[in-house]
Amino acid sequence: MSGGPRLQAPRGTFDVLPGGSPARLSFFNLCQDRLGGAGLGYAETPIFEDTELFARGVGEATDIVQKEMFTLEDRAGRSLTLRPEGTAGVCRAYVEHGMHKLPQPVRLWYWGPFFRHEAPQAGRYRQFTQIGAEALGSDDPAVDAELILLLAELLEEAGVRQLRLRLSSLGTAAARRDYADELRAHLRAREEELSSEVRSRIEANPLRAFDAAHAGTRAVLADAPKLLDRLAPEDAEHFAEVRALLDDAGLGYEVDPSLVRGLDYYTRTVFEFTSDALGAQSGVGGGGRYDGLVEQLGGPPTPAVGWAAGVERILLAAAGEPQRGASPTVFVAWENSRRAAFAVARRLRESGVTVQMEQAGRSLKGQLKHADRLRARFAVVAGEDDLELRDLRTGQARAIASVEEILEVVEAS
Ligand code: HAM
């Protein structure tokens, strides 16, 4: 009997299923090892926050706030938004929990679901997963360089192919405001050559013109003034130090003065990793400094820097052999004595052995075939009062007296 039309996940969301999850879990473990090993603490912030946090934090004029947020009203009439990114929430938590009183910088990492109402395509989803890292409370260029190197190592170790790093500096908010005026004048002078979208944004956000693929717009920008040439001396020095540290570490990058990021909070360093192995959605991770954001959200003046990377894009760009789930070391088979089999499986697991037991009503022959398919190393046939151990590599079977004896054989194998 049908229960009505078949249900599907909402457009742009996806299910993570056992067939595809091993690579994802091993990437999570890699992140935990490398970021935890570098002394970053793991953090979780709520999946929805007050809409105002993102409007103020990410910026009213950004695409994210104008077009891409999933916003809802709760029963009390408050406006809430499913988080489109993690930095604003981390800053809110930093202020709310008085983390400026802790030894600085506070360095943390996070992993979780994020939401943007974008047109779904390969590598672009409405629910996606980010791995992110933030360091709050230091303006030392070494923090920028350390975080960039950590992301580079993670992406390389995850096997992301054809990786490129672009780097720039946006200076201070004041330098950017002056530069925006200069760029506006340049764009207005050649307005008829620009795309209609860029034209409509000259007033609110002229820097986003650098993101345009439109040929006419690109020609106008080719001889536009560059923000990198307008940096205040201390910002230029900060950028030179970040670059020197990356050079010392042997990390290749390209300085790209047209690199603007889609979020308004950036100051000084910005960077983006792309993979040419991906199609149009080639950005695997990016970030930068946001020295004014904590203060803007009601905290003390706090320089900070961080990045986030898209887990699904990383796995697409790494696309190695599809990995199988881990094989059990022991498969426990049984005919009449499920309770005995259950007890053996439990005792083996308590001793740290990976175990699966028969749960589908197969014949003994079918069970042993299944154990082979799972690539188990041994099978135990559990009877009421007896145990048989089969080495599935050699095919040899022998009676065995106790679970301890099984453990000895497993350990020796
Ligand atoms: P973002 O560049 O907007 O930065 O996002 C970071 C990464 O998330 C992107 O490089 C991409 O891999 C992934 N991503 C973004 N949107 C989607 C999507 N719709 N589907 C799949 N993957 C996506 C931020 O979010 C900043 N909070 C980064 C940051 C942290 N800056 C400082 N600290």
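A few comments on the model shown:
- Across the stretch 207-352, C-alpha contacts under 8 Å between residues 6 or more apart give a mean separation that, scaled by the residue count, equals a relative contact order of 14 percent.
- Eligible lysines near K369 by straight Cα distance, threshold 21 Å, same-chain separation 8 or greater: none
- For the stretch 229-310, the pair-distance distribution built from all alpha carbon pairs, in bins 5 Å wide starting at 0, is 3, 12, 20, 25, 20, 12, 7, 2, 0 percent.
- The tail of the calculated P(r) for the stretch 57-107, taken as Cα-Cα distances beyond 14 Å, holds 64 percent of the pairs.
- Pairs of Cα atoms farther than 20 Å apart, the stretch 350-413, %: 23
- 13 Å beta-carbon shell around A399, net charge (K/R +1, D/E -1): -2
- Other residues within the sphere of radius under 11 Å centred on the Cβ of L108, judged by their own Cβ, net out at -1 (K and R +1, D and E -1).
- Full-stretch length increase - A319, E411 - with 0.36 nm per residue and alpha-carbon distance subtracted: 29.7 nm
- Zero-based 5 Å bins, Cα pair distances in the stretch 30-188, whole percents: 2, 7, 13, 16, 19, 18, 14, 8, 3, 1, 0
- Per residue, the Cα convex hull of the stretch 245-292 amounts to 99 Å³.
- The value for the stretch 273-400 of Rg(Cα) / (2.2 N^0.38 Å) is 1.85.
- Taking other C-beta atoms within 10 angstrom as a stand-in for reagent exposure, D140, D229 fall in the order D229, D140, fewest first.
- Computed over neighbours whose Cβ is under 11 Å from that of R208, the net charge equals -2, Lys and Arg +1, Asp and Glu -1.
- For S402 and Q104, the FRET efficiency from 1/(1 + (r/R0)^6), where r spans their Cβ atoms and R0 equals 60 Å, is about 0.55.
- With contacts taken as Cα pairs under 8 Å and at least 6 residues apart, the stretch 1-120 reaches a relative contact order of 30 percent.
- Ascending count of other beta-carbon atoms within 10 Å, so fewest first, for V95, V260: V95, V260
- The slack between Q356 and R164, meaning 0.36 nm per residue of separation minus the straight C-alpha distance, is 64.8 nm.
- Listed by number, the DSSP H helices of the chain that run 15 Å or longer by alpha-carbon position along their axis and have mean Kyte hydropathy of at least 0.0 are 141-157.
- The distance separating the Cα centre of the stretch 350-413 from that of the stretch 236-269 comes to 57 Å.
- Estimated translational D of the chain in µm²/s (Stokes, Kirkwood radius over Cα pairs; 37 °C; 0.692 mPa s): 132
- Sorted by Cβ density within 10 Å, fewest first, the residues I406, I64: I64, I406
- Projecting the Cα atoms of V294, N29, G216 onto the charge dipole of the chain (Cβ charges, centred on the Cα centre) puts N29 farthest toward the positive pole.
- Trypsin sites (Lys or Arg not before Pro) restricted to the stretch 379-413 and DSSP loop, no more than 12 other C-beta within 10 Å: R393
- Length-normalised contact order of the chain in % [C-alpha pairs under 8 Å, at least 6 apart]: 17
- Computed label-point distance, nm, for sites R177 and R78 using a 7 Å Cα→Cβ extension: 3.2
- Cβ-derived FRET efficiency at R0 30 Å, R184 paired with A249, nearest 0.05: 0.20
- Evaluated with a Cβ-only charge set (Lys, Arg +1; Asp, Glu -1), the chain carries a dipole of roughly 1640 debye about its Cα centre, given to the nearest 20.
- Per-pair calculated FRET efficiency, R0 = 60 Å: L7 and E193 via Cβ, rounded to 0.05: 0.75
- Amide H to amide H, with H built 1.01 Å from N, T269 comes under 5 Å of L170, R289, counting only residues 5 or more places away or on other chains.
- Lysines with Cα under 24 Å of K101, excluding same-chain neighbours fewer than 8 positions away: none
- Tail fraction, Cα-Cα pairs, the stretch 18-100, threshold 23 Å, whole percent: 42
Here, each number is a calculation from the coordinates, and none is a lab measurement. This is a predicted model, so every value here is computed, not measured. Because the Cβ atoms are built from the backbone with ideal geometry, glycine has one as well, and the counts that use them run over all protein chains shown.
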